[in-house]
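Peer 1: The structure follows.
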Amino acid sequence: MNDKPKTTVSVIKADIGSLAGHHVVHPDTMAAATKVLAEAKSKGIIIDFYVTHVGDDLELIMTHNKGVDAPEIHELAWSAFKEATKISKELGLYAAGQDLLSEAFSGNVRGLGPGVAEMEFVERPAEPIVVFMADKTEPGAYNLPIFRIFADPFNTAGLVIDPRLHDGFKFEVFDVFESKSVTLSTPEEMYDLLAIIGTPSRYVIRRVYRKSDNEIGAVVSVERLNLIAGKYIGKDDPVAIVRAQSGFPALGEVLEPFTFPHLVAGWMRGSHHGPLMPVPQRYAKATRFDGPPRIIALGFQVKNGRLVGPSDLFDDVAFDKARELAQEIADYMRRHGPFMPHRLGPEEMEYTTLPQVLEKLKDRFVKVEGEFKARKPIVETKMLTHE
Ligand code: F6R
Ligand code: MG
Ligand code: MG
């Protein structure tokens with residue numbers, strides 16, 4: 001057994017209002033959150049912290065020794081968001097307090113609106129981590145890159161070459177509709193894994209463990225705001241933490257999947273598919289058609305809980321081509337206007353504002369005699385009739 005103390009990294013985020021629409025966090029709200037976390041650090045509640053943003057999402061990166069789901073840490077994040085919301089309201093920022101779905105805190109921010117990714121581990125002598133933060137998309141957006149990082153030998157050479165990775169990884173996949181999870185091992189259950197995570201709106205990779213010793217390798221926030229609230233609030237703008245090097249994929253293997261700006265759900269009104277564009281922090285704002293969906297990656301070394309860094313990992317010409325391709329894909333997708341597959345399919349649109357529009361048409365449909373009828377009602381019918 002290892003007696004070394006464990007370090008917890010908690011990344012908790014919320015959209016508490018933004019500047020000129022839903023596009024970028026205001027610096028004064030970041031300052032308000034920073035003040036709360038600085039006080040907590042001086043009291044020893046947390047060891048270290050870093051406050052940042054991606055688009056309209058305020059991101060709190062914290063380290064401590066209290067484990068995952070610690071009420072004290074969740075309450076701290078909640079009060080940082082509350083203080084930031086006060087400023088947001090004072091400045092008349094747009095959608096002030098948007099993601100704080102409840103007035104009162106009740107022990108855990110999960111289910112109250114904020115997104116949460118936390119992992120606890122015994123620090124290795126040198127502990128590199130990458131914190132990914134995305135705006136205008138959903139948790140399932142990480143399915144493809146996380147799969148490629150931990151299970152695709154064409155991405156991660158270490159799976160083939162490095163004996164410490166060669167046994168493979170275990171993926172805990174969460175069904176966001178049923179609140180159930182299943183754990184699948186790669187490489188042997190790779191096809192089963194792909195059979196479910198190819199539906200990223202429902203099945204989300206939540207955690208990844210190294211098979212040889214169960215060490216945690218990655219964690220993703222799985223909160224889906226619209227499902228929690230039961231109505232359209234915005235997308236869920238997910239965060240993820242990935243450990244790199246020495247028995248985990250190398251930093252370059254962790255970043256490599258983002259050279260392909262894959263299509264994700266989100267973008268304008270949370271209702272469109274668009275490319276996930278990797279950007280440096282300075283471009284982390286959603287402008288064109290409220291997007292395109294963006295992701296930033298900050299690299300830290302964690303030393304006795306101290307966050308050393310960050311390095312702005314997508315601030316590199318090596319990702320210029322990915323950004324160019326993302327722009328081209330954005331142009332191509334935009335030309336579809338309100339048509340699928342740019343606009344999301346009917347199942348996903350149920351959680352947007354479209355049903356309110358369709359409601360008006362409901363009574364205008366008239367039965368056509370002699371025409372066939374599908375045995376099972378299709379989703380559009382469900383939306384129109386609210387069956
Ligand atoms: C998507 C998002 C924006 C808004 C859009 C409309 O997650 O935040 O694309 O959905 O700007 O916003 P409202 O309805 O506030 O005018
Ligand atoms: Mg917003
Ligand atoms: Mg956002």
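What follows is calculated from the coordinates using simple rules that are stated; it is not laboratory data. Since this is a predicted model, take the numbers as computed values, not measurements. Cβ atoms come from the backbone with ideal geometry, glycine included; neighbour counts cover every protein chain shown.
Peer 1: Over 18 Å between C-alpha atoms is what I'm after, so list which of Lys6/Lys35; Lys4/Lys41; Lys41/Lys303; Lys41/Lys86; Lys13/Lys285; Lys4/Lys211 land there.
Peer 2: Lys6/Lys35; Lys4/Lys41; Lys41/Lys86; Lys4/Lys211
Peer 1: Within the set of other residues whose C-beta is less than 9 Å from the C-beta of Val25, count the net charge using Lys and Arg as +1 and Asp and Glu as -1.
Peer 2: -3
Peer 1: Given Cα pairs under 8 Å that are at least 6 residues apart, what percent is the relative contact order of region 99-168?
Peer 2: 13
Peer 1: Go from 0 up to the bin containing the longest alpha carbon distance in region 96-241, width 5 Å each, and give me the % of pairs per bin.
Peer 2: 2, 9, 18, 22, 19, 14, 9, 5, 3, 1, 0
Peer 1: Now a separate question. Just to confirm a number: summing +1 for Lys and Arg and -1 for Asp and Glu over residues other than Gly113 whose beta-carbon lies under 12 angstrom from that of Gly113, what do you get?
Peer 2: -3
Peer 1: Could you grab the Rg to Rh ratio for the chain? Cα atoms only, Kirkwood for Rh.
Peer 2: Ratio of gyration radius to Kirkwood radius: 0.98.
Peer 1: Which ordering of Asp152, Asp237, Asp315, Asp290 is given by a fewest-first count of other beta-carbon atoms within 10 Å?
Peer 2: By the 10 Å Cβ count, ascending, the order reads Asp315, Asp152, Asp290, Asp237.
Peer 1: Please give the length that would be gained between Arg124 and Leu91 if that part of the chain were fully extended, namely 0.36 nm times their separation in residues minus their C-alpha to C-alpha distance (nm, one decimal).
Peer 2: 7.5 nm
Peer 1: If you don't mind, there's one more thing I want to ask. Please give the helix 71-90 orientation as an angle from the longest Cα principal axis of the chain, in degrees from 0 to 90, rounded to the nearest 10.
Peer 2: Approximately 60 degrees, to the nearest 10.
Peer 1: Using the Cα atoms as the points, what is the convex hull volume per residue of region 230-347 in Å³?
Peer 2: 139
Peer 1: How high is the FRET efficiency from Leu325 to Ala374, r the C-beta distance, R0 30 Å, rounded to 0.05?
Peer 2: E(calc), rounded to 0.05, equals 0.15.
Peer 1: Express in whole angstrom the spacing between the alpha-carbon centres of region 59-80 and region 240-302.
Peer 2: If we compute the Cα centre of each part, the gap is 23 Å.
Peer 1: Also, I was wondering about something else. Over region 100-143, how many percent of alpha carbon pairs lie in each 10 Å bin up to the one with the longest distance?
Peer 2: Result returned by the calculation: 17, 38, 33, 11, 1.
Peer 1: Moving on. Rank these for me by crowding, Phe81, Phe49, Phe260, going from fewest to most other beta carbons within 10 Å.
Peer 2: Neighbour counts put them in this order, fewest first: Phe260, Phe49, Phe81.
Peer 1: While we're here: Please state the relative contact order of the chain as a whole percent: Cα pairs under 8 Å, 6+ residues apart?
Peer 2: For the chain, the relative contact order is 17 percent.
Peer 1: Another question, if that's okay. Rounded to the nearest 10 degrees, what's the angle between the helix 27-42 long axis and the longest principal axis of the chain, both from Cα atoms, 0 to 90?
Peer 2: Tilt of helix 27-42: around 40 degrees.
Peer 1: Report the FRET efficiency, 1/(1 + (r/R0)^6), for Val308 and Ala195, where r is their Cβ-Cβ distance and R0 is 41 Å, rounded to 0.05.
Peer 2: Once the sixth-power term is evaluated, E becomes 0.55.
Peer 1: Right, another one. When the helix-only estimate is applied to the chain (DSSP H runs of n ≥ 4, each -39,500 (n - 2.57), divided by the residue count), what is the mean residue ellipticity at 222 nm, nearest 500 deg cm²/dmol?
Peer 2: -7500 deg cm²/dmol
Peer 1: Given just the C-alpha atoms of region 1-129, how large is their convex hull per residue in cubic angstrom?
Peer 2: 104
Peer 1: Another question, then. Thr183 versus Arg288, label points 7 Å from Cα toward the beta carbon: distance in nm?
Peer 2: 4.3
Peer 1: Still on this structure, I have one more. Could you work out the local net charge near His342, counting Lys and Arg as +1, Asp and Glu as -1, over the other residues with Cβ closer than 9 Å to its Cβ?
Peer 2: Taking every other residue near His342 into account, the sum is +3.
Peer 1: Whose amide H sits under 5 Å from the amide H of Val264, counting only residues 5 or more places off or on another chain, with H placed in the peptide plane?
Peer 2: The answer is Gly274, Leu276.
Peer 1: Using the alpha-carbon centroid of each, what span in Å lies between region 8-50 and region 132-160?
Peer 2: The two parts, judged by their Cα centres, are 26 Å apart.
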